[in-house]
Amino acid sequence: MKVRRKNILYILILIFLFGFLSNYDKLKESFIKILNYLSWN
């Protein structure tokens, strides 16, 4: 579980970079989706 959590952090950083470079609104949407996904698990 701990290793998987670290991987999720790296994915969050990648999504943040891609979202920041392409579109800020897309970044917020995907970030909220991931937060919802993490809160359910």
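A short reminder: the numbers here are calculations on the coordinates, not readings from a lab. Computed from a predicted structure; not experimentally measured.
Here the alpha carbons of the chain define both size measures, Rg and Dmax, at 10.7, 31 Å. Relative to the dominant Cα principal axis of the chain, helix 24-40 is inclined by about 20°.
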